[in-house]
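To start, the structure itself, in structure tokens.
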Ligand code: SAH
């Protein structure tokens, strides 16, 4: 459903305005307003009043409402819980790094992938987000916080490749020179490993960073924590990653949540090293965030460091992700989950 005005590309907007008897520069003005986070047509004072009225009638615009906002005292991370027009809620996190501010956005309300360690999937998939609802998270985080956003990660609630068309359109919008103009190189897309969609994405040859949530080096382990592995087992997934690298020449980032006694052993590290052989990769070790409903526990600090050391010694760049916003439930569906349980 691309008839929401903010999900339209500039040329589609030109088409709409042409039908309203308007020259194409009006479309550019409108596009600019929308991509600056205008909340109503009334604000768009350089557009004729009659046009604003016509647009308001045919293409109502809206902004998500802040339900909760939490700011970490430790590191300035800000977490937003937004209410969408249909009443559903999603989360966005703004993180502050030395290279600039980055937002982590949600791509779906809930998720159907069922990963055992993840809070976002507990209530299943409610619905997919429209392109403009992803764009709104970036725009209104920037407007509300007053902090310029230069980087985006698609690592919030939802599986981006399970909402493929809408996510691709969102990327086009946020990357457009007349809009936020965020470079693809400043965007990371994270997936649990939907192989056919990884291949489809490879064909587009985008310069974004593909992050693959691997979390385990073997089917034996991965099957127990990620149901998606039954459909696309480790070998198939890594073959898709190799094809992706060949097509795009972009190094892949693998996410690996360290779970005590499950995937953090020396044996697991050795298997992982063997699996990644010859594939330009980077491994991001993430200390597991404990989710109340799950029996899985984070690895010890020593286990994480030992694992990292083994990878590094084998020539695989591995970093331990700095955890931000630990004091504000700033990970994957935790805030939405809490809110839903309370209300
Ligand atoms: N669905 C996509 C993107 C959203 S999840 C994906 O699976 O990649 C973003 C990342 O957070 C994924 O790597 C996911 O596996 C990880 N994650 C989810 N729950 C976590 C938890 N409790 N602790 C640490 N990482 C978690």
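The values are calculated or read from the model by the stated rules, or taken from the named source; none is laboratory data. As the structure is a computational prediction, the values presented were derived from the model and not from experiment. Here the Cβ is made from the backbone with ideal geometry for all residues, glycine too, and neighbour counts use every protein chain on show.
Every listed requirement among (1) at pLDDT 95 or above; (2) farther than 23 Å from residue 170 by Cβ is met by residue 74 save one, (1).
Scanning the stretch 123-138 for residues that are assigned to a loop (DSSP other than H, G, I, E, B) and under 11 Å from residue 157 (Cβ atoms) gives 123, 129. Residues being within 30 Å of residue 149 (Cβ to Cβ), surrounded by 17 or more Cβ atoms within 10 Å (Cβ to Cβ) and within 13 Å of the ligand (Cβ to nearest atom) are represented in the stretch 245-253 by at least one member. Residues that are surrounded by 14 or more Cβ atoms within 10 Å (Cβ to Cβ) and in a helix (DSSP H, G or I) were ranked within the stretch 274-304; the one that is nearest to the ligand (Cβ to nearest atom) is 304.
Check whether at least one residue in the stretch 311-319 is under 28 Å from residue 202 (Cα atoms) and either outside the structural domain of residue 204 (by TED's automatic domain parsing) or in a helix (DSSP H, G or I) (or both), and report yes or no. Yes. Among the residues that make up the stretch 309-319, is at least one of them within 16 Å of the ligand (Cβ to nearest atom) and modelled with pLDDT of 95 or more? Yes, that holds for at least one residue. Taken over the stretch 96-119, the criterion of being within 13 Å of the ligand (Cβ to nearest atom) and closer than 21 Å to residue 72 by Cα is satisfied by 104, 105, 106, 119. Here residue 129 meets the list (1) in contact (Cβ under 8 Å) with a residue 24 or more places away in the chain; (2) over 12 Å from the mean Cα position of the chain (by Cα) almost entirely, failing just condition (2). From the residues in the stretch 61-87 that are within 14 Å of residue 136 (Cα to Cα) and crowded, with 16+ Cβ neighbours inside 10 Å, which one is farthest from the ligand (Cβ to nearest atom)? My answer is 61.
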